[in-house]
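Structure first, then comments.
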Amino acid sequence: MVFLLSGKTGSGVVSAQTSAATESVAATFQANPATLGAIPDGPDTCNGPGPARNVTFTVSGLTGPPTNVSVTVTLNPPHTWVGDLDAILIAPDGSTFHYLFTFTGGTPTGGSDGSSAGGPYIFNDAASGNWWSAAAAVPDDPDSSVIPAGSYRTSDINGNLTLMNPKFAAIPTSNGTWTLRFLDFCLGDTGSVSSASLTLATAANPQTHTVGDFDGDGSTDFTVVRNTGGGINGQVTWFVNKHADGGQSSRQWGLASDTFLANDFDGDGLADYGVWRQGIQSTFYIIQSQTNTIRVQDWGISNDDPSVVGDYDNDGKADFAVYRPGTTPGAQSFWYWKPSASSAQFNVVAWGLTDDTPAPGDYDGDHKMDFAVQRANGGNSDFYRRYSSGIADTVTTLGHSTDYNVPGDYDGDGKTDLCVVGITGSPSLLQWTYRPSGGGADVVDTWGFDTDYPAPGDYNGDGKADYAVWRPGALSTFWVMRPVTRQIESRQWGLIDDVPVQYTYAH
């Protein structure tokens, strides 16, 4: 599959998706109000706990396991005789837990601290307070001596300081129902949980960046490539017209027979000039915008398709990847991708058949590329998707077997939507159809002529993919229309024999 700068013969390259710049963001979740209340008293035999007070927190919208955990709790009225009280934080998986404190002040002979717990108390790994020392510093008088409010480390049954973050770092997700469980072990105690909150930070709470954005303003720039050297292997020059201010730039990079990529390979939020040159040993050549240095990576062989480049490991950088179609009819196809942080490791996923077309994107919203192919089914088009998050594979019918696939986030919900572009009517026009990932009816719009180049992207930086075409002519022009609102934008740019880089989003 070669993208020749000589007429409309290019193969699709790079998926309509975004890469992510990783940052740690904390989110605080208040206790579900109905779960607050009195802590049931323990038995008169003091040989086991009474019924639990389970305070719950409903966590959503986070990515990955937590890197930092903090619990804030207030007991009002205070709970008497803290040595009888356990406080345990339980993760959504139900099996991972950690004690905030247990049997405070306990001794081998069975004694424990008789002061009260009130608060507010904050428990996290960065705290300087020692819970057992604070309890020991006040008299054992449950009626008047309350452990001072403040920030404390968690502790075990012997009073040793413990760490919460490593305990919860291995859970599969931060999302779900967390439980703060209180247990009282002896008769005669009173107290109630009046408020509580849970604060979680994840290592990957990504901020998305638009593919094709060379200036970092969040919008796709108008970019064409031109064979300025002449011939099938002539020198190519990139011409960029920045969306925000109309600023113009050019850069010589690549040969006319290369495949052109405008992804963020170095994680700085800017598109890099990238080409993939096929051969017995195919190679990526990237100008990294962060350092203005050249990166060379051997990856793939002849007839591979680098259209599947994207962020597979959620580190904020596009990973080198190729789709390798089967070599005989109906044979297995494979995806080969290489984590950007590793010099040796690579991954192989068997997905697709010989005559399929890749349709990559982040369909499940986990900020990792998924494996998807478009397959002809009679006159229809079926999409087979395998998700990086491990949810069940799906098969979806959309469009016709002759349609382009141009996946992207057209509804702005953070997930790639299936989208096809076909030809309809007379004169022949381009018909765009996308299926919202959140459900609902397909959205259908007519935009462009069949002689235009489909060039989808997020041209206004609103987080949604736009219908866009590049129309070659004496005054070559990008024409953009926003889905649903049908707002139109145009930008004159390029010469008649150029090719828009955004055409590489069309498979």
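The values are calculated or read from the model by the stated rules, or taken from the named source; none is laboratory data. A quick note: this is a predicted structure, and the numbers were derived from the prediction, not measured. All Cβ positions, glycine included, derive from the backbone under ideal geometry; neighbour counts span all protein chains shown. Remember, those area values only see protein heavy atoms, side chains included, never the ligands or the DNA or RNA. Shrake-Rupley method; radii C 1.70, N 1.55, O 1.52, S 1.80 Å.
Overview of values
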| item | result |
| --- | --- |
| Residue count for the stretch 393-430, restricted to those that are touching a Lys or Arg at 6+ places or on another chain (Cβ under 9 Å) and among the aromatic types (Phe, Trp, Tyr) | 1 |
| Qualifying residues in the stretch 2-50 (those that are among the small types (Gly, Ala, Ser), open to solvent by less than 20 Å² (accessible area, probe 1.4 Å) and over 30 Å from residue 264 (Cβ atoms)) - the one modelled with the lowest pLDDT | 48 |
| Complete set of residues in the stretch 412-438 that are of a type in the set (Gly, Ala, Ser) and touching a residue at least 60 places away in the same chain (Cβ under 8 Å) | 414, 437 |
| Unique match (being within 29 Å of the chain's Cα centre (by Cα) and surrounded by fewer than 18 Cβ atoms within 10 Å (Cβ to Cβ)) among 262, 271, 244 | 244 |
| Every pair of residues 6+ apart whose Cβ atoms lie under 6 Å, when the first sits in the stretch 470-492 and is assigned to a loop (DSSP other than H, G, I, E, B) while the second is crowded, with 18+ Cβ neighbours inside 10 Å | 476/494; 482/466; 483/410 |
| Test: residue 333 is small (Gly, Ala, Ser), open to solvent by 30 Å² or more (accessible area, probe 1.4 Å) and within 26 Å of residue 257 (Cβ to Cβ) | no |
| Residue in the stretch 406-415 that is closer than 25 Å to residue 448 by Cα, modelled with pLDDT of 95 or more and open to solvent by 10 Å² or more (accessible area, probe 1.4 Å) present | no |
| Test for residue 70: is it under 43 Å from the mean Cα position of the chain (by Cα) and buried (at least 20 other Cβ atoms within 10 Å of the Cβ) | yes |
| Yes/no for residue 222 being crowded, with 20+ Cβ neighbours inside 10 Å, of a type in the set (Phe, Trp, Tyr) and either more than 30 Å from residue 302 (Cα to Cα) or under 21 Å from the mean Cα position of the chain (by Cα) (or both) | no |
| Scope the stretch 129-171; condition part of a helix (DSSP H, G or I) and surrounded by 17 or more Cβ atoms within 10 Å (Cβ to Cβ); matching residues | 131, 132, 134, 135, 165, 167, 168 |
| Residue that is modelled with the highest pLDDT, among those in the stretch 51-61 that are surrounded by fewer than 18 Cβ atoms within 10 Å (Cβ to Cβ) and either in contact with a Pro (Cβ under 8 Å, 6 or more places away or on another chain) or in a strand (DSSP E or B) (or both) | 54 |
| Answer residue from the stretch 176-202, given it is buried (at least 17 other Cβ atoms within 10 Å of the Cβ) and touching a Gly at 6+ places or on another chain (Cβ under 8 Å) and is modelled with the lowest pLDDT among those | 202 |
| Hey, residue 154 modelled with pLDDT of 95 or more, of a type in the set (Ser, Thr, Tyr) and touching an Asp or Glu at 6+ places or on another chain (Cβ under 9 Å) or not | yes |
| Among the candidates 437, 388, 426, residue that is polar (S, T, N, Q), at pLDDT below 95 and open to solvent by 50 Å² or more (accessible area, probe 1.4 Å) | 426 |
| Answer from 72, 104 - the residue that is among the hydroxyl-bearing types (Ser, Thr, Tyr) and closer than 19 Å to residue 36 by Cα | 72 |
| Residue in the stretch 97-104 that is open to solvent by 10 Å² or more (accessible area, probe 1.4 Å), touching a residue at least 12 places away in the same chain (Cβ under 8 Å) and farther than 14 Å from residue 156 by Cβ present | no |
| Selected residue [open to solvent by 10 Å² or more (accessible area, probe 1.4 Å), without any contact (Cβ under 8 Å) to a residue 24 or more places away in the chain and closer than 22 Å to residue 177 by Cα] from 94, 64 | 94 |
| Residue among 450, 393, 442 that is open to solvent by 50 Å² or more (accessible area, probe 1.4 Å) and closer than 17 Å to residue 351 by Cα | 393 |
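Condition check ((1) charged (D, E, K, R); (2) closer than 30 Å to residue 234 by Cα; (3) out of contact with any Leu (no Cβ under 8 Å at 6 or more places or on another chain)) across all residues:
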| position | (1), (2), (3) |
| --- | --- |
| 408 | no, no, yes |
| 418 | no, no, no |
| 457 | no, yes, yes |
| 471 | yes, yes, yes |
| 474 | no, yes, yes |
